[in-house]
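The values are calculated or read from the model by the stated rules, or taken from the named source; none is laboratory data. No experiment lies behind these values; they were computed from the predicted model shown. Cβ sites come from the backbone with ideal geometry, for glycine too, and all protein chains shown count toward neighbours. In case anyone asks, the SASA skips ligands and DNA or RNA and just uses the protein heavy atoms, side chains included. Shrake-Rupley method; radii C 1.70, N 1.55, O 1.52, S 1.80 Å.
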Amino acid sequence: MRPAFALAGLVALVLASAPSAEGAGAGLPRIALSVSPAQLAFAAAGSRVIKLRNDGAERVVVDVKRRTVRGQTAAKTWLQIEPARLSLRSGETAILTLRAGPPRRAEPGRHQVLVLLTTRPLRGGRVNVQVRLGVRIRMVVPGRIVRHLTLGAVRVHRVRDARLMFVSVANRGNVTVQLRGHVTASLVRRGRQLVRLSHRAGPTLLPGAHAVLALRYSGRLRGRVTVAVRVRLGSGRRVVERRYRIRL
């Protein structure tokens with residue numbers, strides 16, 4: 001499997017033509033930026049270039065920055081882009097150089113980075129808006145992906161009219177596990193789900209890391225119940241589930 005980057009399509013943004021445009025730029029829109037090629041792939045230790053073209057009538061300055069996607073903060077440091085700022089006259093094309101170099105212990109699988117190209121107003125110019133283009137870059141690190149999450153014991157604390165339940169969780173795999181939006185918990189009695197519990201968890205859990213899921217129930221239900229905790233792993237249907245018998 002070869003590491004790969006993909007530019008998410010040909011990105012273009014065109015604003016309405018300026019009615020006061022004169023000379024050679026009379027038929028051009030004020031701002032029109034495009035990025036090419038539409039697809040780009042290269043080895044993790046290699047480098048390639050992409051082209052940014054100003055098809056508008058105005059000269060623009062473009063800032064180039066990287067942003068994380070879905071909490072993948074490490075991947076942002078793997079991708080270097082030069083230059084970090086461009087000045088483009090009407091019709092001018094500039095080259096952005098992309099270099100990637102994941103560390104030896106990089107997590108296998110897909111890693112994403114969002115490259116933001118943002119224009120800035122020029123003094124004395126007619127550009128009075130900020131244009132932002134987002135280019136999504138995907139890097140694939142080879143290796144066998146192991147998703148293995150374990151749910152530990154539960155602890156129950158009574159706080160006034162509420163019940164707080166704390167469940168330990170550990171990532172035994174070799175890739176980061178997404179927790180935010182992937183965790184559900186409910187109270188069950190005689191096979192019937194009675195209520196869904198509110199919960200708090202960090203957004204992600206790194207390989208080898210431990211965390212605690214905090215569940216809260218403030219209803220009137222009392223006595224013996226079962227707490228069902230489920231964590232969905234990845235984008236598939238695989239779910240890690242554990243049930244606990246507790247007394248509220």
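A few notes on this one:
- Just so you know, in segment 132-172 the residues that are within 30 Å of V49 (Cα to Cα) and of a type outside the set (A, V, I, L, M, F, W, C) include one that is most open to solvent (accessible area, probe 1.4 Å), and it is R144.
- Residue selected from segment 228-248 under the condition farther than 22 Å from V177 by Cα and in a strand (DSSP E or B), by the criterion most open to solvent (accessible area, probe 1.4 Å): R245
- Those residues of segment 217-246 which are basic (K, R) and free of Cβ contacts under 8 Å to residues at least 40 places away in the same chain, in sequence order: R220, R222, R224, R237, R245
- A209 being open to solvent by less than 40 Å² (accessible area, probe 1.4 Å), within 25 Å of P108 (Cα to Cα) and modelled with pLDDT of 90 or more: yes
- Residues considered: L164, L151. Of these, the only one that is of a type in the set (A, V, I, L, M), in contact (Cβ under 8 Å) with a residue 40 or more places away in the chain, within 30 Å of V69 (Cβ to Cβ) and out of contact with any Leu (no Cβ under 6 Å at 6 or more places or on another chain) is L151.
- Selection from segment 173-193 of residues that are exposed (fewer than 14 other Cβ atoms within 10 Å of the Cβ) and farther than 23 Å from V69 by Cα: R189, R190, G191, R192, Q193
- Subset of segment 186-199 [within 18 Å of L164 (Cβ to Cβ) and assigned to a strand (DSSP E or B)]: S186, L187, L194, V195, R196, S198, H199
- Within segment 153-185, the residues that satisfy the criterion of being of a type in the set (G, A, S), closer than 17 Å to P207 by Cβ and assigned to a strand (DSSP E or B) are S168, A170.
- Among residues of segment 194-206, those that are in contact with a Ser or Thr (Cβ under 7 Å, 6 or more places away or on another chain) and open to solvent by 70 Å² or more (accessible area, probe 1.4 Å), counted: 2
Every residue, every condition in (1) loosely packed, with under 15 Cβ neighbours inside 10 Å; (2) part of a loop (DSSP other than H, G, I, E, B); (3) modelled with pLDDT of 65 or more, yes or no:
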site	(1), (2), (3)
F5	no, yes, no
A21	no, yes, no
A24	yes, no, no
F42	no, yes, yes
V61	no, no, yes
K65	yes, no, yes
T77	yes, no, yes
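- When residues in segment 123-152 are screened for being at pLDDT 90 or above and in a strand (DSSP E or B), 4 of them pass.
- Residue within segment 80-94 that is open to solvent by less than 60 Å² (accessible area, probe 1.4 Å), assigned to a strand (DSSP E or B) and modelled with pLDDT under 85 present: no
- Considering residues of segment 104-114 that are over 12 Å from the mean Cα position of the chain (by Cα) and buried (at least 17 other Cβ atoms within 10 Å of the Cβ) only, the residue farthest from I145 (Cα to Cα): A106
- If you go through segment 175-195 and pick out every residue that is within 16 Å of R232 (Cα to Cα) and in contact (Cβ under 8 Å) with a residue 12 or more places away in the chain, you end up with 11.
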